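Engineer: One structure follows; several queries about it will come next.
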Amino acid sequence: MTCEAGIHEVRARLSSARAVTVLTGAGISADSGVPTFRGTDGLWRNFRAEELATPEAFARDPRLVWEWYNWRREIIAAKLPNPAHAALVEMERRFDRFWLITQNVDGLHRLAGSTKLSEIHGNIWKVSCTACGRVDTNHDVPIPILPQCATCEGLLRPHIVWFGESLDSEELGRSFDAVNSCEVLLIVGTSGIVYPAASFAPSAKAAGAFVAEINLDPTPNSELVDVSIQGNAKDIVPLLL
Ligand code: BJW
Ligand code: ZN
């Protein structure tokens, strides 16, 4: 199927749909200049995930982990939502039942104006206390290392889900409900290999949804979805409306 035919088919499906769910990954923010994880210029090219994005890494060397997050905060603070983020805000307005599930921690969907969303891997602009669990918004760039809890002086950590950690059960439940009850699932800019988000496409398919993927490159989902459109999120997503 050509790119144009794929776009045409997704537009047709969306025009008659009432329940739409969207899953996004780092690729949608790549067009805003935020580095992805696994691409050619991805973050994991220069950093080993297990040395930074695990609870064990933070326990071993919280300074190193905070330095990495300060570097990423500095990059992300300068970035703005792009037309793909904006098109998803418009979708939220247009459909009776809409839910946006993002794996991104950059906060760009919220900045664009999305409100019906689950940030299932957390948010880089939030911190949580390793002692009492208090969660706060924090926009400091850089954040003074090592940051302490305002209530109990415990060590603060980024409010981000690291490998081996559980996702928030309420957000995950809401996400699975949205995936299993939608008529159309759009999957934008994710490599589709990190669980549990990697199971959303097969779940939606099994529940009878029309599933479309928008990605620069083929992914493990490409074989499974109804339509796979290759291209930049910022160019393709606005064309779907
Ligand atoms: C464009 C574009 C453009 C570029 N336009 N497209 C086996 C089975 C099941 C589970 C596991 C398993 N082995 C291990 C696990 C557990 C693990 C996991 O899934 N590991 C896999 C690697 C196999 N999962 C977990 O640990 C999760 N917790 C969990 O499962 O709890 C229960 C449990 C515990 C222990 C054991 C087993 C179960 C938690 C996962 C948390 C992930 N967290 C991170 C955060 C990193 C830190 C941080 O951000 O600060 O989330 S990892 C990282 O990957 C980040 C992302 O959200 C996530 C997904 O990445 P994403 O968004 O897909 O980015 P990329 O870079 O991979 O892809 C970008 C895509 O965009 C590419 O396809 C490009 O082509 C495309 N693109 N430019 C359109 N312009
Ligand atoms: Zn505390």
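Each value in this text was obtained by applying a stated rule to the coordinates, not by laboratory testing. Keep in mind that what you see is a predicted model, and the values were worked out from it rather than measured. Because the Cβ atoms are built from the backbone with ideal geometry, glycine has one as well, and the counts that use them run over all protein chains shown.
Engineer: Order 187-200, 54-67 from most to least packed using the mean count of other Cβ atoms within 10 Å.
Structural biologist: Details: 187-200: 19.8, 54-67: 15.5.
Answer by packing, highest mean first, reads 187-200, 54-67.
Engineer: Here is a follow-up. For segment 123-200, with only Lys/Arg (+1) and Asp/Glu (-1) charged at the beta-carbon, what is the dipole magnitude about the Cα centre, in debye rounded to 20? Numbers along the way, then the final one.
Structural biologist: Details: 4 positive and 9 negative charges, 34 e Å.
Dipole about the Cα centre, nearest 20: 160 debye.
Engineer: Relative to the present Cα-Cα distance, how much length would full extension add between C132 and E223 at 0.36 nm per residue of separation?
Structural biologist: Details: separation 91, 0.36 × 91 = 32.76 nm, distance 4.47 nm.
So the extension gain works out to 28.3 nm.
Engineer: Can you compute the charge dipole magnitude of segment 4-84 about its Cα centre, using +1 on each Lys and Arg Cβ and -1 on each Asp and Glu Cβ, nothing else charged? Give it in debye, rounded to the nearest 20. Kindly include the intermediate steps, with their values, before the conclusion.
Structural biologist: Numbers: 11 positive and 10 negative charges, 46 e Å.
Once rounded to the nearest 20, the dipole reads 220 debye.
Engineer: I would also like to ask the following. Using modelled amide H (1.01 Å from N, peptide plane; none on Pro or chain starts), what sits under 5 Å from the amide H of Q148, excluding residues fewer than 5 places away?
Structural biologist: L156
Engineer: Ok, one more. Just want the answer: with Cβ charges of +1 for Lys and Arg and -1 for Asp and Glu, which residue in S222, C149, F58 is farthest toward the dipole's positive end in the chain?
Structural biologist: About the Cα centre, the residue reaching furthest to the positive side is C149.
Engineer: Taking the chain, how many lysine pairs are there with alpha carbons less than 21 Å apart, if each pair must be eight or more places apart or span two chains? List each step's numbers first, then the result.
Structural biologist: On the way: K79/K126; K79/K234; K116/K126; K116/K234.
Taking the Cα cut-off of 21 Å, the pair count is 4.
Engineer: Here's a follow-up. With +1 on each Lys and Arg Cβ and -1 on each Asp and Glu Cβ, and nothing else charged, work out how big the dipole of the chain is about its Cα centre, in Debye to the nearest 20. Before the final figure, lay out the partial values.
Structural biologist: Numbers: 22 positive and 29 negative charges, 63 e Å.
So the dipole magnitude of the chain works out to roughly 300 debye.
Engineer: Still on this structure, please answer the following. Quick one: 3J(HN,Hα) in Hz for segment 42-47, Karplus 6.51/-1.76/1.60 with θ = phi - 60°, rounded, Gly and Pro as x.
Structural biologist: x, 4, 6, 5, 9, 10
Engineer: Which FRET efficiency, nearest 0.05, do L241 and K79 yield, Cβ-Cβ r, R0 25 Å?
Structural biologist: Details: r = 23 Å, r/R0 = 0.93.
Working from the Cβ atoms, E equals 0.60.
Engineer: Which residue, chosen from A19, G39, F200, occupies the Cα position most advanced towards the positive end of the dipole of the chain, where the dipole is computed from +1 (Lys, Arg) and -1 (Asp, Glu) charges on Cβ about the Cα centre?
Structural biologist: Farthest along the dipole direction, towards plus: A19.
Engineer: Moving on to the next point. Using amide H atoms built in the peptide plane, which far-off residues or other-chain residues are under 5 Å from H121 H to H?
Structural biologist: none
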